[in-house]
Amino acid sequence: MLTFAPFLNNNTMNFVEELKWRGMIQDMMPGVEEQLQKEMTSAYVGIDPTADSLHIGHLVGVMMLRHFQRARHRPIALIGGATGMIGDPSMKSAERNLLDEETLRHNQNCIRQQLARFLDFDSDAPNAAKLVNNYDWMKDYTFLNFIRDIGKHITVNYMMAKESVKKRLGAEASVGMSFTEFSYQLLQGYDFLHLYRHEGCRLQMGGSDQWGNITTGTELIRRTLGPESEAFALVCPLITKADGGKFGKTESGNVWLDRRYTSPYKFYQFWLNVSDTDAAKYIKIFTSLAQDEIAALEQAQAEAPHLRALQKRLAREVTLMVHSEDDYDAAVEASGILFGDATSDALRRLDDETLLSVFEGVPQYGVSREELVGGVKAAELFTAKTAIFPSRGEMRKMVQNGGVSVNKEKFTDYEATITADNLINDKYLLVQKGKKNYFLITAND
């Protein structure tokens, strides 16, 4: 059962100050702090629904909403169902694929479940989070009504001045910009106007690449409802890696929150393996740990960098938020199998998903289960049926020197027979040469 800080802590957190020390503010309009100090305020972040899972690139915006709720304000997560059918030109060089309504609804439901691990949607507190989808108010809005009611308030000159538009139309752009994408900022601006009217939403937050779109919304509110109608913008920096690489990308692609796409073990390993510089930055952005606790971890890291206190705590906190304590414990134990002195029992406790994640990239071989049922001499299995050893002589020598393990148990009998009883999960056999060389044999039906 998840618990949420807004209902456990009576101290009122200053949201802007919290984001400042965490390095999560790139820019904000004047008056944001005054608005938040004046009253409980609603703010929203837009989320792209083009997949049925969030990836860790979404987590910055999600954490902004989480901190916002911790500060006793009301977070709104906006699923961009309508805008997801168009594509946002910000910081992109090409249009994206458009989605049908059935897919969007499916994606929305999946994203809602993931957001519920970060935000309280279900309590009766006045600042309980809310999920909305802009498709719900755009689907019946005719084009003629939209350009009459909304388009007349924002000039083409204003829209052309936005950096995202200029970049797409500039000399370096390889393709032009369709009217569909050009209209995106008007649609996003209308979202803000709609939420201002119907949810009392006064603030929109997002990444710094969204500044132009967000400020279009504040301008649309002012021009539509009058200058006394105050709306605000706050954006965070785009997250980068110390080496200049793209945050959240691995060789296999995005790091997803859904275990179908990124296993909890791989998810945990991503955070565990970030650089010291990135760990010091990420632990502020992607956890809710207090400033003094993070300072203590930074001191521990400085005194004993090899113990990687920051990476271990970062990996723990984010894995617990996204997955579960059982998944975290399994990931830690699985890490010990590959990098430590784990036992055969620990290896056998791994489910198939985690085992394959741990040993992804190691040489793998397939053999017939039928052969193993009858039993196969280890020397034949490891040399002739697989290429774990180049020759029987080399295998014999390494076994005699104590350098071979099977399923994390020292293998001492060169003449031994391997049977189906030796298989992990009735399917796998793990062979280890020396300390670091692993091989996985799979019994195929």
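The values are calculated or read from the model by the stated rules, or taken from the named source; none is laboratory data. Small disclaimer: the values here were computed from a predicted structure and weren't measured. As a convention, Cβ positions derive from the backbone with ideal geometry for all residues, glycine included, and neighbour counts pool all protein chains shown. Ligands, DNA and RNA are excluded from the accessible area calculation, which covers all protein heavy atoms including side chains. Shrake-Rupley method; radii C 1.70, N 1.55, O 1.52, S 1.80 Å.
Which pairs have Cβ atoms under 8 Å, sit 6 or more apart or on different chains, and link a residue in segment 3-23 that is of a type in the set (Lys, Arg) to one that is at pLDDT 50 or above and open to solvent by 50 Å² or more (accessible area, probe 1.4 Å)?
Sorted first by the residue in segment 3-23, then by its partner, the pairs are ARG22/LYS284.
What are the pairs, 6+ residues apart or on separate chains, where a residue within segment 353-381 that is aromatic (Phe, Trp, Tyr) has its Cβ under 7 Å from a residue that is part of a loop (DSSP other than H, G, I, E, B)?
TYR365/THR386
Going residue by residue through segment 266-277, is there one that turns out to be open to solvent by less than 30 Å² (accessible area, probe 1.4 Å), closer than 26 Å to SER42 by Cβ and either in a loop (DSSP other than H, G, I, E, B) or at pLDDT 95 or above (or both)?
No, segment 266-277 contains no residue that is open to solvent by less than 30 Å² (accessible area, probe 1.4 Å), closer than 26 Å to SER42 by Cβ and either in a loop (DSSP other than H, G, I, E, B) or at pLDDT 95 or above (or both).
Here's a check for you: in segment 377-405, which residue that is among the polar types (S, T, N, Q) and more than 43 Å from the chain's Cα centre (by Cα) is most open to solvent (accessible area, probe 1.4 Å)?
Looking at residues that are among the polar types (S, T, N, Q) and more than 43 Å from the chain's Cα centre (by Cα), I get GLN400.
Taking the stated definitions as given, is GLU18 in a helix (DSSP H, G or I), within 27 Å of the chain's Cα centre (by Cα) and of a type outside the set (Val, Ile, Thr)?
Yes.
Quickly run through segment 348-401 and pick out the residues that are outside any helix (DSSP H, G or I), acidic (Asp, Glu) and over 14 Å from ILE441 (Cα atoms).
ASP351
Determine which single condition THR250 fails, assuming it passes every other condition in (1) open to solvent by less than 20 Å² (accessible area, probe 1.4 Å); (2) without any contact (Cβ under 8 Å) to a residue 40 or more places away in the chain.
Only one criterion in (1) open to solvent by less than 20 Å² (accessible area, probe 1.4 Å); (2) without any contact (Cβ under 8 Å) to a residue 40 or more places away in the chain is unmet by THR250, namely (1).
Tally up the residues in segment 199-227 that are open to solvent by 20 Å² or more (accessible area, probe 1.4 Å), out of contact with any helix residue (DSSP H, G or I) (no Cβ under 9 Å at 6 or more places or on another chain) and not in a helix (DSSP H, G or I), please.
2
For segment 118-177, what are the residues that are of a type in the set (A, V, I, L, M), over 30 Å from SER324 (Cα atoms) and at pLDDT 90 or above?
Passing the criteria: MET138, LEU144.
Determine which single condition ALA125 fails, assuming it passes every other condition in (1) within 25 Å of the chain's Cα centre (by Cα); (2) part of a loop (DSSP other than H, G, I, E, B).
That leaves (1) as the condition not met.
Which of the residues that make up segment 317-347 are in a helix (DSSP H, G or I) and free of Cβ contacts under 8 Å to residues at least 24 places away in the same chain?
Listed by number, the residues that qualify are LEU320, GLU325, ASP326, ASP329, GLU333, GLY336, PHE339, ASP345.
Just the residues that are open to solvent by 60 Å² or more (accessible area, probe 1.4 Å) and acidic (Asp, Glu), please, taken from segment 304-346.
Within segment 304-346, GLU325, ASP326, ASP329, GLU333, ASP341, ASP345 qualify.
Can you spot a residue in segment 128-143 that is open to solvent by less than 20 Å² (accessible area, probe 1.4 Å), touching a residue at least 12 places away in the same chain (Cβ under 8 Å), of a type in the set (Gly, Ala, Ser) and not in a helix (DSSP H, G or I)?
There is at least one residue in segment 128-143 that is open to solvent by less than 20 Å² (accessible area, probe 1.4 Å), touching a residue at least 12 places away in the same chain (Cβ under 8 Å), of a type in the set (Gly, Ala, Ser) and not in a helix (DSSP H, G or I).
Would you please name the residue that is farthest from SER357 (Cα to Cα), looking only at residues in segment 406-431 that are open to solvent by 20 Å² or more (accessible area, probe 1.4 Å) and part of a strand (DSSP E or B)?
Result: THR417.
Yes or no: segment 285-294 includes at least one residue that is of a type outside the set (S, T, N, Q), in contact (Cβ under 8 Å) with a residue 40 or more places away in the chain and open to solvent by 20 Å² or more (accessible area, probe 1.4 Å).
no
Looking at segment 405-445 only, could you name the residues that are without any contact (Cβ under 8 Å) to a residue 40 or more places away in the chain and touching a Lys or Arg at 6+ places or on another chain (Cβ under 6 Å)?
Once the filter is applied, which keeps residues that are without any contact (Cβ under 8 Å) to a residue 40 or more places away in the chain and touching a Lys or Arg at 6+ places or on another chain (Cβ under 6 Å), segment 405-445 yields only TYR414.
Of all residues in segment 278-289, which are among the β-branched types (Val, Ile, Thr), in contact with an Asp or Glu (Cβ under 9 Å, 6 or more places away or on another chain) and in a helix (DSSP H, G or I)?
Listed by number, the list holds a single entry, ILE283.
All but one of (1) at pLDDT 95 or above; (2) more than 16 Å from the chain's Cα centre (by Cα); (3) in a helix (DSSP H, G or I); (4) crowded, with 16+ Cβ neighbours inside 10 Å hold for LEU234; state the number of the condition that does not hold.
Among (1) at pLDDT 95 or above; (2) more than 16 Å from the chain's Cα centre (by Cα); (3) in a helix (DSSP H, G or I); (4) crowded, with 16+ Cβ neighbours inside 10 Å, the lone unmet condition for LEU234 is (3).
What residue, of VAL373, VAL362, is within 23 Å of PHE411 (Cα to Cα), surrounded by fewer than 16 Cβ atoms within 10 Å (Cβ to Cβ) and at pLDDT below 90?
VAL373
Please enumerate the residues belonging to segment 27-47 that are exposed (fewer than 15 other Cβ atoms within 10 Å of the Cβ) and in contact (Cβ under 8 Å) with a residue 60 or more places away in the chain.
ASP27, GLY31, MET40, listed by residue number.
Results for (1) at pLDDT below 95; (2) in a helix (DSSP H, G or I); (3) closer than 30 Å to ARG168 by Cβ; (4) of a type outside the set (S, T, N, Q), shown as yes or no for each residue.
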| residue | (1), (2), (3), (4) |
| --- | --- |
| GLY23 | no, no, yes, yes |
| ASP52 | yes, no, yes, yes |
| VAL60 | no, yes, yes, yes |
| LEU65 | no, yes, yes, yes |
| ILE76 | no, no, yes, yes |
| THR103 | yes, yes, yes, no |
| GLN108 | yes, yes, yes, no |
